[in-house]
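The values are calculated or read from the model by the stated rules, or taken from the named source; none is laboratory data. Remember, it's a predicted structure, so these values are computed and weren't measured experimentally. Note: ideal-geometry Cβ built from the backbone for every residue, glycine included; neighbour counts use all protein chains shown. When the accessible area is computed, the model is the full protein with side chains, heavy atoms only, and any ligands, DNA or RNA have been set aside. Shrake-Rupley method; radii C 1.70, N 1.55, O 1.52, S 1.80 Å.
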Amino acid sequence: MIKNSAKILCYSLLAINFFSCNSEKELPNPPKAIPMVRLLGINAFEWDFLQDPMYPADGSKIFESKFKTIQSFGQFRHYLDWEKIEFTPGKYTFNQTRSGGWNLDIIYERCKLAGIDPLVCLKTIPNWLYKYYPVSKQNNENVPVKYPANRLLPASYIAMGKLGFQFAARYGANKNIDARLVAVDTSHRWRDDIVNQVKIGLNTVHSIECNNEPDKWWKGEHAKQSAEEYAANLSAFYDGHMGKLGKNVGVKTADPKMIVVMGGLATADVNYVRAIVEWCKRNRGLKKDGSVNLCFDVINYHLYATNNNKWYNRILRKKRGAAPELTNLAKIADDFVSYADSLGNVEVWNTESGYDIMDSSPQRAIPIREKNAKITQADWMLRSSLLYARHGIDRVFYYMLTDLQPDKGIFSSSGFIDGDKRRPVADYFYQVKKLMGNYSYHSTINTDPLVDIYTLGAKKIYILTVPDEVGRTENYELELPNVKTAIIYELKPGADNMLSKKVSVKNGILKVEASETPIFVQSAY
């Protein structure tokens with residue numbers, strides 16, 4: 001009897017939380033306009049863009065059918081392994097890469113033409129670098145130093161600083177770089193007619209990320225960096241530790257305008273960033289205006305919306321993904337944005353978030369009434385972007401374009417596309433990008449249902465969403481003063497465009513039924 005009572009209490013608390021709890025009690029307006037297109041990012045690899053370099057053997061042909069699906073997004077985060085471009089120490093290859101034979105030039109060029117902004121995440125370390133570690137400790141995710149170098153010194157990271165310089169010299173906007181500092185391996189030939197060439201200032205990449213998840217505790221002491229160690233790494237990568245490491249070291253040394261993004265933090269702990277800033281204060285000093293001479297332009301963290309932080313789910317072992325508004329996403333975003341604001345002109349990006357669709361994953365989206373997991377994934381992904389807009393996150397990138405080993409559990413079935421076909425989540429992103437990619441979040445006028453206002457000049461679009469995960473609907477009277485006709489847009493899986501219908505507005509009030517799938521309302525101009 002006692003056991004049954006405890007079980008009833010636990011389920012009752014579960015129901016109370018999900019049906020009546022809304023973590024977004026206060027919704028602060030962000031300090032600057034953030035276009036919707038910046039909240040529709042994706043993570044991908046070079047092979048998601050290019051045909052196999054061996055068939056036919058040129059590696060320069062874009063997968064046109066797949067590229068159409070990539071146009072669902074406003075930006076993409078390119079997971080680029082260091083070894084691809086520096087297979088041999090000091091010899092850099094970009095087209096084709098010495099490792100893999102990929103043409104990076106054409107990827108970034110096509111993205112620029114399509115209005116898709118790349119963030120290049122230079123990650124892992126090459127074979128020649130990790131071989132400095134003891135044989136039993138060798139791993140391409142180790143800290144990027146020649147073991148046993150002092151990990152607290154910027155000079156220990158000079159190889160990565162040189163890598164940043166070479167990449168920024170080629171793909172950045174600065175054309176006034178001494179060609180003698182550019183170390184392209186022109187002797188390497190993938191084929192007789194494909195030879196790497198020196199190119200400077202292509203102006204196709206505007207932001208670069210210094211490694212991925214430097215706080216990766218699960219990989220052990222040789223891979224995880226303390227905040228102070230990573231700060232030293234960042235300082236070398238950013239500007240060659242204020243130019244002290246040489247004329248060919250550091251991203252800013254090559255292109256002062258290129259944005260340097262902190263590696264996305266796996267722990268989503270703002271205190272890690274605070275410690276980096278304190279290191280900068282001690283080791284880089286202050287600027288003339290009294291601000292800290294930082295070695296990054298953007299704070300970056302990763303966070304997946306889950307119900308794992310609820311005590312009753314730990315007891316019941318019902319771990320899964322959860323609707324973003326019912327988790328700690330908003331609170332953590334506020335913490336990061338508030339701290340970034342205290343530093344001045346520093347943006348905050350979230351470069352990994354997402355949901356699986358397989359039942360075996362503790363990060364899965366769930367079926368809700370008539371909706372299968374793919375539709376819920378689509379709802380929750382889009383609602384995550386809307387949440388981040390409310391809380392001032394400047395850019396969002398989701399994990400990821402295609403599934404990785406979909407039968408292997410967590411993070412393996414998070415894809416937005418299958419082959420060259422969009423899943424509903426990519427359909428939703430494509431439709432939203434077409435309707436309102438240049439609109440920016442303005443304000444939130446109601447919390448349940450959530451009613452967000454996005455603007456573009458004098459134009460407005462209202463987005464209505466029920467912040468729940470049980471299939472709930474809510475009626476809402478939307479005030480549209482001096483408007484006689486409005487258009488209601490509804491997302492449609494499998495289509496390029498939303499469903500739309502014109503409706504009459506009576507006495508400045510439009511009665512709308514909101515659901516857990518966002519709907520969009522616009523005055524008929």
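Here's a check for you: in the stretch 454-471, which residue that is touching a residue at least 60 places away in the same chain (Cβ under 8 Å) and open to solvent by 40 Å² or more (accessible area, probe 1.4 Å) is farthest from Thr376 (Cα to Cα)? Checked the stretch 454-471; the qualifying residue farthest from Thr376 (Cα to Cα) is Lys459.
Taking the stretch 121-138 as the range and being in a loop (DSSP other than H, G, I, E, B) and within 26 Å of the chain's Cα centre (by Cα) as the test, the residues that pass are Thr124, Ile125, Pro126. If I ask for residues that are of a type outside the set (Ser, Thr, Tyr) and closer than 17 Å to Phe237 by Cα, which ones from the stretch 193-214 would you list? Hits for the stretch 193-214 are Val205, His206, Ile208, Glu209, Cys210, Asn211, Asn212, Glu213, Pro214. The combined condition, being touching a residue at least 12 places away in the same chain (Cβ under 8 Å), open to solvent by less than 20 Å² (accessible area, probe 1.4 Å), under 23 Å from Val261 (Cα atoms) and among the polar types (S, T, N, Q), is not fulfilled by Asn203.
Just to be sure before I move on: is Ser342 touching a residue at least 40 places away in the same chain (Cβ under 8 Å) and out of contact with any Lys or Arg (no Cβ under 9 Å at 6 or more places or on another chain) in the structure I sent? Judged against the criteria, Ser342 is not a match. Do we find a residue being touching a Phe, Trp or Tyr at 6+ places or on another chain (Cβ under 7 Å), of a type in the set (D, E, K, R) and modelled with pLDDT of 95 or more anywhere in the stretch 426-435? No - not one qualifying residue is present in the stretch 426-435. Assess whether Glu516 counts as being buried (at least 17 other Cβ atoms within 10 Å of the Cβ) and over 20 Å from Ala365 (Cβ atoms). Judged against the criteria, Glu516 is not a match. Kindly indicate whether Glu141 is assigned to a loop (DSSP other than H, G, I, E, B), touching a residue at least 12 places away in the same chain (Cβ under 8 Å) and of a type in the set (Asp, Glu). So Glu141 fits the description; yes. Ile177 - would you say it is closer than 23 Å to Asp48 by Cα and among the hydrophobic types (A, V, I, L, M, F, W, C)? When the stated conditions are applied, Ile177 does not pass them.
Can you confirm whether Asn233 is surrounded by 20 or more Cβ atoms within 10 Å (Cβ to Cβ) and modelled with pLDDT under 95? So Asn233 fails the test. Out of the stretch 458-485, which residues are under 26 Å from the mean Cα position of the chain (by Cα), part of a strand (DSSP E or B) and farther than 10 Å from Val521 by Cα? Listed by number, the list holds a single entry, Thr465.
Of the residues making up the stretch 434-451, none is open to solvent by less than 10 Å² (accessible area, probe 1.4 Å), outside any loop (DSSP other than H, G, I, E, B) and within 30 Å of Leu50 (Cβ to Cβ).
The set of residues in the stretch 394-413 being of a type outside the set (Gly, Ala, Ser) and part of a loop (DSSP other than H, G, I, E, B) consists of Asp394, Tyr399, Met400, Leu401, Asp403, Leu404, Gln405, Pro406, Asp407, Lys408, Ile410, Phe411.
The number of residues in the stretch 59-102 being open to solvent by 30 Å² or more (accessible area, probe 1.4 Å), part of a strand (DSSP E or B) and either farther than 19 Å from Pro118 by Cα or not acidic (Asp, Glu) (or both) comes to 2. A count restricted to the stretch 238-251 and to residues that are surrounded by 17 or more Cβ atoms within 10 Å (Cβ to Cβ) and not in a helix (DSSP H, G or I) stands at 4. Yes or no: Glu213 among the charged types (D, E, K, R), open to solvent by less than 20 Å² (accessible area, probe 1.4 Å) and in contact with a strand residue (DSSP E or B) (Cβ under 9 Å, 6 or more places away or on another chain)? Against the criterion (among the charged types (D, E, K, R), open to solvent by less than 20 Å² (accessible area, probe 1.4 Å) and in contact with a strand residue (DSSP E or B) (Cβ under 9 Å, 6 or more places away or on another chain)), Glu213 does not qualify. The selection criterion, being touching a strand residue (DSSP E or B) at 6+ places or on another chain (Cβ under 9 Å) and crowded, with 24+ Cβ neighbours inside 10 Å, holds for Ile393.
A count restricted to the stretch 151-174 and to residues that are open to solvent by 10 Å² or more (accessible area, probe 1.4 Å) and among the charged types (D, E, K, R) stands at 2. The set of residues in the stretch 252-289 being open to solvent by 50 Å² or more (accessible area, probe 1.4 Å) and part of a loop (DSSP other than H, G, I, E, B) consists of Pro256, Lys257, Thr267, Asp269, Lys287, Lys288, Asp289.
Taking the stretch 322-373 as the range and being open to solvent by 10 Å² or more (accessible area, probe 1.4 Å), of a type in the set (A, V, I, L, M) and not in a helix (DSSP H, G or I) as the test, the residues that pass are Val346, Ile357, Met358, Ile366, Ile368. Scanning the stretch 486-503 for residues that are touching a residue at least 24 places away in the same chain (Cβ under 8 Å), outside any loop (DSSP other than H, G, I, E, B) and either more than 30 Å from the chain's Cα centre (by Cα) or at positive phi (or both) yields Ala486, Ile487. When each of Ala378, Ala365 is tested for being among the small types (Gly, Ala, Ser) and out of contact with any strand residue (DSSP E or B) (no Cβ under 6 Å at 6 or more places or on another chain), the lone residue that passes is Ala378.
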